[in-house]
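The values are calculated or read from the model by the stated rules, or taken from the named source; none is laboratory data. Bear in mind the structure is a predicted one, so any value in this text is a computation, not a measurement. In this analysis, Cβ positions are derived from the backbone assuming ideal geometry, glycine residues included, and neighbour counts consider all displayed protein chains. Just the protein is used for accessible areas: all its heavy atoms, side chains included, with ligands, DNA and RNA removed. Shrake-Rupley method; radii C 1.70, N 1.55, O 1.52, S 1.80 Å.
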Amino acid sequence: MVQLQKVHGSQNQFFLLDQTQLQQPLSEKELVNLAQQLTNPKIGPLGGADGLLVVSTSQHPQVLGRMRVLNADGSWASMCGNGLRTVGRYLADKYQQKTFKVETAQADLQVSCQPDWAPNVKAISVEISPVSFAAQDLPFENLGTEKLFNQTVSVLDSDLKFTAVAVPNPHLISLVSPAILKSKLLEQLGTKLNQPNPYFPDGVNVSFAQVIDSSHLFVKTFERGVGFTNACGTGMSAASLVFALTQPSEQVLEKLITVSNPGGFVQTRVHKVAQGYWIELIGNATITHYLQTTELQLHQAHPDFSKWQAVATPEDAAYQEFIAR
Ligand SMILES: N[C@@H](CCC[C@H](N)C(=O)O)C(=O)O
């Protein structure tokens, strides 16, 4: 039998598959198909999810494992902050280690177990990096600039100021008023920029952030390859960086920021180093269910999810109680 997990970070939901359990690891094509089917709310188990996290071995020295990320639509993502916390927890449990690195598409990133936020609410801190503002790293084009930093862009909106930043997955961030946050604009922009468009050829995660005070943001994200999610870890990290850099009078660098989101909250800290910036992202890493299936099922073009066994853990109830408080 093979065991998968259903996990979440701030209720950004994923299935987690450790390919090292399999006699024959899934091919790239099989992984894409599995992600599309598992995450589909109409046919996937447990109401689907936002993505599939794929764990495998890493050949890099001093690294505990490798994480790859598939969005719900089957596109690959170069990074996932909420996902890395849950993969970090998985590897911490598997290898009984508290501080280690995980290989991701562009970098080996630091993970460290934190004290539980509450009984049955495990917390993990992860490194979000590398950070780049260069157009070719998102990529974006036809916006009349090589770097989009706190600028209006008439083809996107006449008033809002945008920053484009790769962490390293691509994000477009705007600090907005509560009225804009409530409007349809985020959905309209997210939809426009995640279908074929002249500006972001690979799509982009779009986040609106409301500054609540100098140590508190609220961030909502329309994700590339998914749509609205309860939270986007890299989006909240990117928004914290944009807040720190565009509002220097708030002196946010190196300080803990609480970032609320529709699924709960995380904490971030923006660090300035010689090479630029990196962001620390701290938040829950919750296992909601263990799923059992056969290796044969995973290789099927149309897995029969009615044959998969799901066992709930007490962790989601604990998380819900924690955020309600
Ligand atoms: N939810 C994630 C980001 C997942 C990938 C993203 N949709 C992309 O395509 O870049 C997070 O927590 O960071």
### Query
When both residues are 6+ apart or on different chains and their Cβ atoms are under 8 Å apart, which pairs have a first residue that lies in segment 209-229 and is in the same structural domain as Asn194 (by TED's automatic domain parsing), and a second that is open to solvent by 50 Å² or more (accessible area, probe 1.4 Å) and near the ligand (Cβ under 10 Å from one of its atoms)?
Phe222/Asn194; Arg224/Asn194; Arg224/Asp202; Gly225/Asp73; Gly225/Asn194; Val226/Asp73
### Task
Go through segment 22-110 and tell me which strands (runs of 3 or more DSSP E), entirely inside it, have 3 or more residues that are within 22 Å of Tyr290 (Cα to Cα) and away from the ligand (no atom under 11 Å from the Cβ).
51-56, 63-71
### Query
Would you pick out the residues in segment 122-152 that are in a strand (DSSP E or B) and either among the hydroxyl-bearing types (Ser, Thr, Tyr) or surrounded by 18 or more Cβ atoms within 10 Å (Cβ to Cβ) (or both)?
Lys122, Ala123, Ile124, Ser125, Val126, Glu127, Ile128, Ser132, Thr152
### Task
For Leu256, state whether it is in the same structural domain as Lys29 (by TED's automatic domain parsing) and either hydrophobic (A, V, I, L, M, F, W, C) or within 30 Å of Met1 (Cβ to Cβ) (or both).
no
### Message
Name the single residue that is most open to solvent (accessible area, probe 1.4 Å) among those in segment 14-48 being in contact with a strand residue (DSSP E or B) (Cβ under 7 Å, 6 or more places away or on another chain) and among the β-branched types (Val, Ile, Thr).
### Response
Thr20
### Query
Residues Val204, Val131: which one is over 19 Å from Asn71 (Cβ atoms), under 23 Å from the mean Cα position of the chain (by Cα) and touching a residue at least 24 places away in the same chain (Cβ under 8 Å)?
Val131
### Query
Looking at segment 49-71, is at least one residue charged (D, E, K, R), in contact with a strand residue (DSSP E or B) (Cβ under 8 Å, 6 or more places away or on another chain) and closer than 19 Å to Val111 by Cα?
yes
### Task
For segment 1-13, name all the residues that are closer than 23 Å to Ser237 by Cβ and open to solvent by less than 10 Å² (accessible area, probe 1.4 Å).
Val7, His8, Gly9, Ser10, Asn12
#### Entry: Residue selected from segment 153-174 under the condition hydrophobic (A, V, I, L, M, F, W, C) and surrounded by fewer than 22 Cβ atoms within 10 Å (Cβ to Cβ), by the criterion nearest to Leu189 (Cα to Cα)
Leu156
### Residues of segment 161-190 that turn out to be touching a strand residue (DSSP E or B) at 6+ places or on another chain (Cβ under 8 Å) and farther than 29 Å from Ala107 by Cα, as a count
10
### Task
From (1) in a strand (DSSP E or B); (2) free of Cβ contacts under 8 Å to residues at least 40 places away in the same chain; (3) open to solvent by 40 Å² or more (accessible area, probe 1.4 Å), pick out the condition that doesn't hold for Trp117.
(2)
### Task
Consider Leu138 carefully, then state whether it is over 15 Å from the mean Cα position of the chain (by Cα) and within 16 Å of the ligand (Cβ to nearest atom).
yes
